[in-house]
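Accompanying notes for the structure given below.
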Amino acid sequence: MHELGILNAMVHTIEDVVREEGAQEVERIVLEVGELSGVVPRYLEECWPAARYKTSMEATELDVCVVPGIVKCRDCGRVFNAMECDMHCPDCSGQEMEILSGNDLLIKEIICM
Ligand SMILES: [Zn+2]
């Protein structure tokens, strides 16, 4: 499980940003997690209490928004949801696809007090 490592790195990044902005406390962080990013949203939520422990963000809430993994088949051009179709093109069963969305993990919002 590498989610805790991701969150630890994120806490440091956000602490730096918040310090530069001169904000007091972070109330909430909103993360966008793509279904194809390899990060499990549920694990992020489970790891959050450990990641924020003994940091300046002990009271900060974490919201995770899941971005659907939308891909385009390289063979027939069909656009579909890769998770719903089990990573196969529903038209031609092709497995070569171009990722259109859902490949990233990003900090969408940092809400300060
Ligand atoms: Zn196809």
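Across the range 28-39, what is the total count of residues that are free of Cβ contacts under 8 Å to residues at least 60 places away in the same chain and buried (at least 16 other Cβ atoms within 10 Å of the Cβ)? Before you say what the answer is, go through the steps one by one.
To start, the set of residues in the range 28-39 that are free of Cβ contacts under 8 Å to residues at least 60 places away in the same chain comprises 38.
If we keep only those that are buried (at least 16 other Cβ atoms within 10 Å of the Cβ) too, we end up with none.
The total comes to 0.
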So, first residue open to solvent by 50 Å² or more (accessible area, probe 1.4 Å) and at pLDDT 90 or above in the range 1-24, second residue part of a helix (DSSP H, G or I) and small (Gly, Ala, Ser), Cβ within less than 7 Å, six or more apart or across chains; the pairs are LEU4/ALA50; LEU4/ALA51; ASN8/ALA51
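Let's see how each residue does on (1) part of a loop (DSSP other than H, G, I, E, B); (2) touching a residue at least 12 places away in the same chain (Cβ under 8 Å); (3) more than 16 Å from the ligand (Cβ to nearest atom):
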position: TYR43; (1), (2), (3): no, yes, yes
position: ALA50; (1), (2), (3): no, yes, yes
position: LYS54; (1), (2), (3): yes, no, yes
position: ASP75; (1), (2), (3): yes, yes, no
position: CYS85; (1), (2), (3): yes, no, no
position: LEU106; (1), (2), (3): no, yes, yes
position: ILE111; (1), (2), (3): no, yes, yes
Taking the range 65-79 and keeping residues open to solvent by 30 Å² or more (accessible area, probe 1.4 Å) and either within 17 Å of the chain's Cα centre (by Cα) or of a type outside the set (Lys, Arg) (or both) leaves CYS65, VAL66, VAL67, PRO68, ILE70, ASP75, CYS76, GLY77, VAL79
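For MET87, state whether it is at positive phi and open to solvent by 80 Å² or more (accessible area, probe 1.4 Å). First the steps, then the outcome.
Numbers: at positive phi: yes; open to solvent by 80 Å² or more (accessible area, probe 1.4 Å): yes.
It is true that MET87 is at positive phi and open to solvent by 80 Å² or more (accessible area, probe 1.4 Å).
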Residues of the range 56-75 being among the hydroxyl-bearing types (Ser, Thr, Tyr) and modelled with pLDDT of 95 or more, in sequence order, are THR60
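The values are calculated or read from the model by the stated rules, or taken from the named source; none is laboratory data. Worth saying up front: this structure is predicted, and the values here are computed from it rather than measured. Neighbour counts are summed over all protein chains in view; Cβ atoms, including those assigned to glycine, are modelled from backbone coordinates with ideal geometry. The accessibility values were calculated without ligands, DNA or RNA, using every heavy atom of the protein model including side chains. Shrake-Rupley method; radii C 1.70, N 1.55, O 1.52, S 1.80 Å.
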